[in-house]
Amino acid sequence: MLRKNRLFTPGPTPILPAAQTAMASAAMHHRTAEFRALFSRVLADMKEFIGTSNDVLVLSSSGTGVMEGSVSNLTSPGDKVLVLTAGKFGERWRDLAKAFGCVVEVVTAPYGGTFSLDEVRQKLTPDIRAVYAQATESSTGARHDVKSIAKLVRATGHDTLLVVDAITGLGTTHFDVDGWGIDVIIGGSQKALMIPPGLAYCAVSERAWKRMETSKSPRYYFDFRKERKAAAKGESSYTPATSLFAGLAAALEFIRQMGDGNLGAGREALINNAELAAEMTRAGAQALGLKLFAASSPAAALTAIQSPVGVDSGAIIKEFRESFAAVVANGQGEMKGKLFRIAHLGYYDYLDTIGILAALEQVLATVTGKPVEYGAGVRAAQEVYARAAEKRQPVGA
Ligand SMILES: *Cc1c(COP(=O)(O)O)cnc(C)c1O
């Protein structure tokens with residue numbers, strides 16, 4: 001059969017058609033009134049999308065750039081920081097903090113798991129200058145309890161900053177950024193925002209801006225204070241990825257329409273969409289006899305599914321690609337070959353979700369050489385969908 005190329009990876013994700021059109025027609029110079037208006041509108045909309053009154057920066061880099069900036073702007077060499085790590089992205093925080101000369105304390109959890117809050121509490125000594133964590137660990141498909149972690153950090157009463165990599169968390173998870181006291185929350189364009197890679201963004205609290213007055217790590221491109229000053233005038237310090245800004249404006253408009261004209265409501269609708277696709281996928285995979293990798297605390301951003309015993313997940317990825325042109329992600333690092341990851345963040349709908357589960361049934365039959373009960377995974381997902389639809393629209397009401 002004909003095959004359409006489709007991304008099911010937790011970044012990059014499928015691109016919103018309206019964003020694609022906007023990007024194709026954008027030929028703007030960045031020091032013009034036209035671009036300043038677009039830039040300022042995007043920054044204002046991003047505050048609503050994130051759900052914060054803190055200042056938002058949008059930088060032209062991949063997500064890791066703003067992760068690095070969140071270390072270089074907020075720490076000085078020798079500062080003690082606490083990294084919560086249970087996967088490859090948690091390990092990136094650890095490595096970044098070490099690269100800037102921080103003394104790194106860690107709380108770890110096995111891959112697929114999440115942290116003991118007691119252990120986090122014990123490690124929150126007064127000398128911890130900042131806590132770095134993920135909202136959703138994209139390498140394992142686990143969701144971490146940011147609300148409880150924030151509560152612990154704020155309860156110390158110390159001047160400890162909380163920095164959350166929500167690169168796959170934003171648009172898939174409910175956050176009360178200001179209410180919980182998250183000092184820096186980070187996102188990336190190629191995830192729930194439905195545009196290509198190349199923009200990274202963050203919302204920064206007053207407490208974090210104040211820390212930057214005294215922090216001494218070297219920084220240049222990712223100097224947040226310089227960017228904040230430029231942003232107040234509708235500009236970026238250097239040449240921004242202008243066409244991505246045009247795409248982002250279109251994506252934010254789409255999310256606003258999802259919320260009937262309200263961007264905050266649109267964000268909630270986008271989160272609920274990911275939640276439902278994730279729940280359908282989990283039910284479908286389990287009905288096919290597969291095990292979830294992060295079963296105790298699964299994220300809505302993506303689902304990590306363990307490869308059947310004796311099957312390298314690379315064979316599953318390859319079969320998805322060759323038979324259906326569906327790009328599914330392998331495990332990262334030590335998890336390579338052991339699991340595969342299906343994304344739900346951003347521009348995924350019912351048909352995408354049912355389609356990938358139906359394809360999974362075919363893929364399993366091919367790679368395992370064992371009979372598969374066709375329809376079992378799809379049916380379980382349909383049942384999840386039907387129950388959710390009933391809740392939205394009670395029958396007979
Ligand atoms: C995608 C992702 C990143 C950033 O990766 P880049 O390749 O630099 O955009 C960081 N953390 C998490 C949790 C991610 O999913």
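The values are calculated or read from the model by the stated rules, or taken from the named source; none is laboratory data. For clarity, every value in this text was computed on a predicted model and none was experimentally measured. Here the Cβ is made from the backbone with ideal geometry for all residues, glycine too, and neighbour counts use every protein chain on show. Areas reflect the complete protein model, heavy atoms only, side chains present, ligands, DNA and RNA absent. Shrake-Rupley method; radii C 1.70, N 1.55, O 1.52, S 1.80 Å.
Observations on the model:
- In the range 45-63 there is at least one residue matching the filter, namely being closer than 21 Å to Ala150 by Cα, of a type in the set (Gly, Ala, Ser) and more than 16 Å from the ligand (Cβ to nearest atom).
- One residue stands out in the range 69-91 among those that are among the charged types (D, E, K, R) and surrounded by fewer than 21 Cβ atoms within 10 Å (Cβ to Cβ): the one that is nearest to the ligand (Cβ to nearest atom), namely Lys88.
- Hey, Arg207 away from the ligand (no atom under 16 Å from the Cβ), among the charged types (D, E, K, R) and in contact with a Gly (Cβ under 9 Å, 6 or more places away or on another chain) or not: yes
- Lone unmet requirement of (1) part of a loop (DSSP other than H, G, I, E, B); (2) touching a Pro at 6+ places or on another chain (Cβ under 8 Å); (3) within 17 Å of Tyr350 (Cβ to Cβ) for Ala300: (2)
- Residue in the range 102-110 that is within 16 Å of the ligand (Cβ to nearest atom) and buried (at least 23 other Cβ atoms within 10 Å of the Cβ) present: no
- Tally of residues being crowded, with 22+ Cβ neighbours inside 10 Å and not polar (S, T, N, Q) across the range 146-193: 26
- Flag if Ala294 is under 17 Å from the mean Cα position of the chain (by Cα) and open to solvent by less than 10 Å² (accessible area, probe 1.4 Å): yes
- Scanning the range 223-234 for residues that are open to solvent by less than 40 Å² (accessible area, probe 1.4 Å), touching a residue at least 24 places away in the same chain (Cβ under 8 Å) and more than 16 Å from Asp183 (Cβ to Cβ) yields Asp223, Glu227, Ala231, Gly234.
- Selection count, the range 1-27, where residues are open to solvent by 40 Å² or more (accessible area, probe 1.4 Å) and away from the ligand (no atom under 16 Å from the Cβ): 13
- Condition met for Tyr350 (closer than 22 Å to Met194 by Cα and not small (Gly, Ala, Ser)): yes
- Subset of the range 137-165 [among the basic types (Lys, Arg) and either part of a loop (DSSP other than H, G, I, E, B) or within 16 Å of the ligand (Cβ to nearest atom) (or both)]: Arg143
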